[in-house]
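Report on the structure given below.
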Amino acid sequence: MNKISKEDRLPQWLRSLLKINFFFHPCEIHSDSFKKECNMYCLECTGPALCYSCLADHKDHHVVQIRKSSYYDVVRICDVSKFIDVSDVQPYIVNGAQIVFLEVRLKSQFKEEGVKYTCKTCRGKLPEPFQFCSLRCKRKTY
């Protein structure tokens, strides 16, 4: 029986999303557009980041908006929970919405004293009893 690698068990869209080095850059195709910032991602196409004008080509696709919180890229839990279980990733509330971080945050985020919880992957401090600090760390356990 063939063994399935960890990478093969990971949803393709998440694998591709985490390979994107940066969001929030001007769209090369719609550089004259008002909303030219690439902060959207199509889960079906798994291509590069998209701007608002690019969405016309993805109207029947599942698209998530990448947001910023404290200079880090985040996604709303309600946008990705249909496609991946994030119940073990530390959530935060930003502007009334629950979010998770895409990448590992700085380890010095929380004070040493009283911290009981750490990320299973990077050993970063967590304020609550969750296994992972980000989707990147969850990815490494697939």
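Go ahead and run the numbers for FRET between residue 122 and residue 65, Cβ-Cβ distance against an R0 of 35 Å, rounding to 0.05.
Details: r = 25 Å, r/R0 = 0.72.
According to the calculation, E is roughly 0.85.
What is the Rg over Rh value, at two decimals, for the chain, using alpha-carbon atoms and the Kirkwood definition of Rh?
Numbers: Rg = 16.3 Å, Rh = 16.3 Å.
Ratio of gyration radius to Kirkwood radius for the chain: 1.00.
Just the number please: accessible area per residue for region 43-110, 1.4 Å probe, all protein chains included, in Å². Display every interim value, and only then the final one.
Details: 3870 Å² over 68 residues.
Result: 57 Å² per residue.
Can you give me the % of accessible surface on the chain that is carbon or sulfur? Probe 1.4 Å, all protein chains present, nothing else counted. Don't jump to the answer; show the numbers that get you there.
On the way: 4520 of 8960 Å².
So the carbon and sulfur contribution to the accessible surface is 50 percent.
Using 0.36 nm per residue of separation minus the Cα-Cα distance, give me the extension gain between residue 33 and residue 88 in nm, one decimal. Write down the numbers at each step before the final one.
Working: separation 55, 0.36 × 55 = 19.80 nm, distance 3.86 nm.
Computed gain between residue 33 and residue 88 is 15.9 nm.
For a 26 Å ceiling on Cα separation, which of these pairs sit above it: 19/138; 68/140; 19/82; 19/59; 19/116; 59/82?
Values: 19/138 14 Å; 68/140 23 Å; 19/82 21 Å; 19/59 23 Å; 19/116 31 Å; 59/82 18 Å.
Distance filter (> 26 Å) returns 19/116.
Among 98, 20, 129, which residue has its Cα furthest toward the positive end of the charge dipole of the chain, with +1 on Lys/Arg Cβ and -1 on Asp/Glu Cβ?
Checking the options against the dipole of the chain, the answer is 129.
The values are calculated or read from the model by the stated rules, or taken from the named source; none is laboratory data. None of the values given here were measured: they were computed from a predicted structure. Reconstructed Cβ throughout: ideal geometry from the backbone, glycine too, with neighbour counts over all protein chains shown. Areas reflect the complete protein model, heavy atoms only, side chains present, ligands, DNA and RNA absent. Shrake-Rupley method; radii C 1.70, N 1.55, O 1.52, S 1.80 Å.
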